[in-house]
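Okay, so here's the structure we're looking at.
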Amino acid sequence: MAQQRKRLGDLLVEAGILTKEQLEETLKRKKRGQKLGDALLERGYITEQQLIEVLEFQLGIPHISLHRYPIDTTLMNIVPKDVARRNILIPLKKNGDELLVAMADPMDYIAVDDLRMSTGFQIKQVIASKEEIIHAVNKHYSLDESMKEILSDDIEGDITAGATATGEDDAPAIRLVNQILLTGLQQKASDIHIDPQEKKILVRYRVDGVLKTERALPKSLQNVLTARVKIMANLNITETRLPQDGRIKVTLDFTSVDLRISTLPTVYGEKIVIRILDLGNSLNKLSQLGFNKINYEHFLNLIKKPSGIILITGPTGSGKSSTLYAALNHLNSDEVNIITIEDPVEYQIEGINQVQVNSNVGLNFATGLRSILRQDPNIVMVGEIRDTETAEIAIRASLTGHLVLSTLHTNSAIATIPRLIDMGIEPFLVVSSLSGIVAQRLVRKICRECREEYEPTEMEKKLFERRGIKVGKTYRGKGCGICNMTGYKGRVAIQEILVVDDHIRQMMMNNKSTSEIRDYAMHNGMIFLIDDGLLKVKQGLTTVEEILRVAIDD
């Protein structure tokens, strides 16, 4: 055993994955108390898969995927949850006096010794990825305990008293909801759906834009669950026939998150959707948005203009707000007065005056925008152009020396021009105010851990040829425990930018068709959504299937 206690850094250097210089630099700069493996992953020197393979090969400790591993849930009583979470481990099964434990760091001998002394078992380690263990701990601890407590006690009668008391964080209903939220946060979900069915309740998470069912809860938990969520968001728990919306800021696992809560009456009870706005990941820099070099230059030039209107278009959930906030963050300085009107205000930014739409008192986009223009703004951001009145005021504001940023729901950048004219806005106003249009979509990124190269199919080769792009290497995700066997992890944006120049203005004034404008833009080197997507496929960031899911090849 003593001979096996090698240090992780030495193993990685021996395996040729890490240089001595990289190891020394990481050891010097890593945060106090941070594990070396985490510090190396943070710097991108190694991938989690490489770490697992080295430990498996050098120490002879097997690696398992927890994705479909049958975990013995009775062992949760032997190893407390705080021990499992603190040391990132989970017990799997016992065999005589031996306890099989999955660990992210099997070289954490202190944790192994503690576990041996506290349980009385001999500990046999296996390696699993950090994310899989955290996911399994959240799935198998707490949630089941809270459910059993709720089902055993008839607490529906005094749910309000128990759930509103601030000091009673250990009430079963509160723990159940907290656990559902925490799982969503750790899976990096954008939304949590609590769907009532005829005989059960489904808890579903939207991860990387795709919904997946996490678990089914007994129907008897529905009232308790709904009441707790409504109390958190200060909603009316007695009103079950009308949709309600609320918002709450909470700290989960030392992370500050904003939750937007929406309830909707369905035939089987109220459906709840919780949008998670992770304030830590909210404000990206423009350089982190995935723009290719040409589009990045175009976008920077557009937002530097002193006046004009810039529109960001795309369907719901295509990252329009993130792009707007990144642009505002880039422009935010003491010299300019930036005012926004939003419904709702998603992220609060220091130094920017943000106005929340409130239709109950008659404060909508149009009336709010009128008032904003009397507040001496340099830059105005309108959350969304929903009607002709808002569009007209925004356009007139851009003609009177303001830079206006807004969003609109259209399929492509060029389709935005006829959409504005269809809304009843005079063509000469559209022509003189419009500076540029950005169309955007989000596509899933290939998982870094299980990425593999493959020979492109004939269909894929033809697609690249048709768009005039030389096809190089193509990649796909094999599917591993870290990406939940999907082959994808995280998302990246693809964009197209139409810069409205004098020639396009002339074409718009002469009522030229969108196909003529498109041809002109193409000859001028505009990169369309499909092109930007295929370039990102070529870089190994995503797959052709993902691009064709969101962009049309025309």
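Please compute P(r) over all alpha-carbon pairs of segment 10-130, binned at 10 Å starting from zero, and give each bin as a whole-number percent.
12, 42, 31, 13, 1
Roughly how many Å² is the accessible area per residue of segment 11-151, as a whole number, for a 1.4 Å probe?
Value returned for segment 11-151: 52 Å² of accessible area per residue.
Could you work out, for segment 250-339, what percent of all Cα-Cα pairs fall into each 10 Å distance bin, beginning at 0 Å and stopping at the bin that holds the largest distance?
12, 35, 29, 17, 6, 1
Got a sec? Charge dipole of segment 252-342, +1 on Cβ for Lys and Arg, -1 for Asp and Glu; which of Ile274, Ala327, Leu311 is way out at the positive end?
Sorting the options by dipole projection puts first Leu311.
Over the Cα atoms of segment 498-545, compute the convex hull volume and normalise it per residue, giving Å³.
Numbers: hull volume 3.7 nm³, N = 48.
Value for segment 498-545: 77 Å³ per residue.
At 1.4 Å probe radius, can you tell me the per residue accessible area of segment 221-268 in Å²?
54 Å²
Please give the net charge around Asp343, taking every other residue with its beta carbon less than 13 angstrom from that of Asp343, where Lys and Arg add +1 and Asp and Glu add -1. Write down the numbers at each step before the final one.
Numbers: positive: Arg247, Arg260, Arg386; negative: Asp245, Glu342, Glu346, Glu384, Asp387.
Local charge sum for Asp343: -2.
Quick one: what are the phi-derived ³J(HN,Hα) couplings along segment 248-264, Karplus 6.51/-1.76/1.60 with θ = phi - 60°, whole Hz, x for glycine and proline?
8, 9, 10, 10, 10, 6, 6, 10, 7, 10, 9, 10, 9, 10, 10, 10, 9
Between Gly490 and residues 5 or more places away or on another chain, which pairs have amide H atoms under 5 Å apart, with H built 1.01 Å from N, and which residues are they?
Residues meeting the criterion, in which the H sits 1.01 Å from N, are Lys445.
Angle between the Cα long axis of helix 320-331 and the longest principal axis of the chain, 0 to 90 degrees, nearest 10?
Between helix and principal axis, roughly 80 degrees.
Along each of its three principal axes, how wide is the spread of alpha-carbon positions in segment 470-554, in whole angstrom units, largest first?
Result for segment 470-554: principal-axis Cα extents of 57, 24, 18 Å.
Once the Cα atoms of helix 388-399 and of the chain are each reduced to a long axis, what angle between those two axes, in degrees from 0 to 90 to the nearest 10, is obtained?
Result, in degrees: 70.
Give the long-range amide H neighbours of Arg215: residues separated by 5 or more places, or on another chain, with amide H under 5 Å away, using H modelled in the peptide plane at 1.01 Å from N.
The list, which skips near neighbours in sequence, is Val203.
Give a residue-ordered list of calculated ³J(HN,Hα) values for segment 29-34 (Karplus: 6.51 cos²θ - 1.76 cosθ + 1.60, θ = phi - 60°; whole Hz; x for Gly, Pro).
Running phi through 6.51 cos²θ - 1.76 cosθ + 1.60 with θ = phi - 60° gives 9, 5, 5, 5, x, 7 Hz.
Quick one: the Cα spread of segment 210-368 along its three principal axes, in angstroms, biggest first?
Here the Cα extents, ordered largest to smallest, are 57, 38, 31 Å.
Using only protein heavy atoms and a 1.4 Å probe, report how much of Glu42 is accessible, in Å² to the nearest 10.
The accessible area comes out at roughly 110 Å².
So what are the ³J(HN,Hα) numbers for segment 51-60, from phi and the Karplus equation (6.51, -1.76, 1.60; θ = phi - 60°), rounded to whole Hz, Gly and Pro as x?
4, 5, 4, 5, 5, 5, 6, 6, 9, x
Averaging the inverse of every distinct alpha carbon separation and then flipping it gives the Kirkwood radius. What is it for the chain, in angstrom units?
For the chain, the Kirkwood estimate is 26.7 Å.
Pairs of lysines 8 or more apart, or on different chains, with alpha carbons under 17 Å: count those in segment 217-315, would you?
Lysine pair count for segment 217-315: 6.
Per residue of the chain, what 222 nm ellipticity follows from adding -39500 (n - 2.57) for every DSSP H run with n ≥ 4, rounded to the nearest 500?
-11000 deg cm²/dmol
Pop out the carbon and sulfur fraction of the accessible area of segment 272-352 as a percent, whole number, probe 1.4 Å.
Carbon and sulfur together cover 46 percent of it.
Could you point to the residue in Leu289, Val112, Tyr454 farthest towards the positive end of the chain's charge dipole, with +1 and -1 charges on the Cβ of Lys/Arg and Asp/Glu respectively?
Tyr454
List the residues, sorted by chain then number, that are 5 or more residues from His402 or on another chain and whose placed amide H is less than 5 Å from its amide H.
Those lying under 5 Å, H to H, from His402 are Gly308.
If you project the alpha carbons of segment 1-71 onto their three principal axes, what span does each projection cover, largest first, in Å?
Principal-axis extents of segment 1-71 (Cα, largest first): 40, 27, 23 Å.
Ignoring ligands, DNA and RNA, what accessible area per residue does segment 400-545 give at 1.4 Å, in Å²?
The answer is 45 Å² per residue.
Give me the angle, in degrees from 0 to 90, between the Cα long axis of helix 172-186 and the longest principal axis of the Cα atoms of the chain, rounded to the nearest 10.
70 degrees
Enumerate the whole-percent occupancy of each 10 Å bin, from 0 to the last occupied one, for all C-alpha pair distances of segment 200-293.
Binned Cα distances yield the sequence 13, 38, 32, 11, 5, 0.
Going from most exposed to least, what order do Met232, Met103 have by accessible area with a 1.4 Å probe?
Met232, Met103
Taking the Cα centre of segment 185-310 as origin, sum charge times position over the Cβ atoms of Lys and Arg (+1) and Asp and Glu (-1), and report the length of that vector in debye to the nearest 20.
Computed charge dipole of segment 185-310: roughly 80 debye.
Name the residue from Gly351, Ile174, Ala128 whose Cα lies farthest towards the positive end of the charge dipole of the chain, charges +1 on Cβ of Lys and Arg and -1 on Cβ of Asp and Glu.
Comparing the listed Cα positions along the dipole, Ala128 ranks first.
The values are calculated or read from the model by the stated rules, or taken from the named source; none is laboratory data. Since this is a predicted model, take the numbers as computed values, not measurements. Cβ atoms come from the backbone with ideal geometry, glycine included; neighbour counts cover every protein chain shown. Please note that ligands, DNA and RNA were not included when accessible areas were found on the heavy atoms of the full protein model with its side chains. Shrake-Rupley method; radii C 1.70, N 1.55, O 1.52, S 1.80 Å.
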